[in-house]
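*Asks:* Below you will find the structure I want to go over with you.
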Amino acid sequence: MVRRMEFRMERAGLIQEGDRVKLKEDASSTMAGIMYYYTIREAVAMSNNTKERLRSLEGTVSRIEASESYWTVTVDVEES
């Protein structure tokens, strides 16, 4: 099973589509429970908060989309 995660990247050209990336997991305790967030190493891009923890901390960049002031990086994480 593949899980797609989106990350926000604020500098262009740090990674390319097809690159294998390693992720760093962090967690914070909130009133809604424990929230997880992920960073593409080394500080390339950060995900939004999610309640669902990833089973793997490696993935493949499947898409990079430019917007006005940042890039959205989609990473496919294999969770078998």
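The values are calculated or read from the model by the stated rules, or taken from the named source; none is laboratory data. Just so it is clear, the structure is predicted and the values come from calculations on it, not from any experiment. Note that we place each Cβ from the backbone using ideal geometry, even for glycine, and neighbour counts take in every protein chain shown. Only protein heavy atoms, including side chains, enter the accessible area calculation; ligands, DNA and RNA are left aside. Shrake-Rupley method; radii C 1.70, N 1.55, O 1.52, S 1.80 Å.
*Asks:* Using θ = phi - 60° and the Karplus relation 6.51 cos²θ - 1.76 cosθ + 1.60, list the HN-Hα couplings for region 74-80 in order, rounded to whole Hz, with x at every Gly or Pro.
*Replies:* 9, 10, 8, 10, 7, 10, 8
*Asks:* Whole number in Å², please: accessible area per residue of the chain, 1.4 Å probe, ligands, DNA and RNA not counted.
*Replies:* That works out to 67 Å² per residue.
*Asks:* Tell me which residues come under 5 Å, amide H to amide H, from Ala45 once H is placed; ignore anything under 5 positions away on its chain.
*Replies:* Ile40
*Asks:* Next up: Could you tell me whether region 5-51 comes out rounded, prolate or oblate from its Cα gyration tensor? Rule is a ≥ b ≥ c as square roots of the eigenvalues, rounded for a/c under 1.5, then prolate if a/b exceeds b/c, otherwise oblate. List each step's numbers first, then the result.
*Replies:* Values: a/c = 2.81, a/b = 2.45, b/c = 1.15.
Prolate, because a/c is 1.5 or more and a/b exceeds b/c.
*Asks:* Hey, what do the phi angles of region 22-39 turn into as Karplus ³J(HN,Hα) couplings, whole Hz, using 6.51/-1.76/1.60 and θ = phi - 60°, x for Gly and Pro?
*Replies:* 9, 10, 10, 9, 10, 9, 9, 8, 10, 5, 8, x, 7, 10, 9, 9, 10, 10
*Asks:* Could I ask something else about it? What's the percent breakdown of Cα-Cα distances in the chain across 10 Å bins, shortest bin first?
*Replies:* The distribution over the chain is 19, 53, 25, 4, given as percents.
*Asks:* Restricting attention to the chain, which GluC sites (Glu not before Pro) occupy a DSSP loop and are surrounded by at most 14 other Cβ atoms within 10 Å? Present the calculation step by step, with values, prior to reporting the outcome.
*Replies:* Numbers: sites: Glu6, Glu10, Glu17, Glu25, Glu42, Glu52, Glu58, Glu65, Glu68, Glu78, Glu79; in loops: Glu10, Glu17, Glu42, Glu52, Glu68, Glu79.
The qualifying sites are Glu10, Glu17, Glu42, Glu52, Glu68, Glu79.
*Asks:* Counting only protein heavy atoms, what percent of the accessible surface of the chain is carbon or sulfur at a 1.4 Å probe? If you can, show how the numbers build up before the last one.
*Replies:* Values: 2400 of 5360 Å².
The nonpolar share, carbon plus sulfur, comes to 45 percent.
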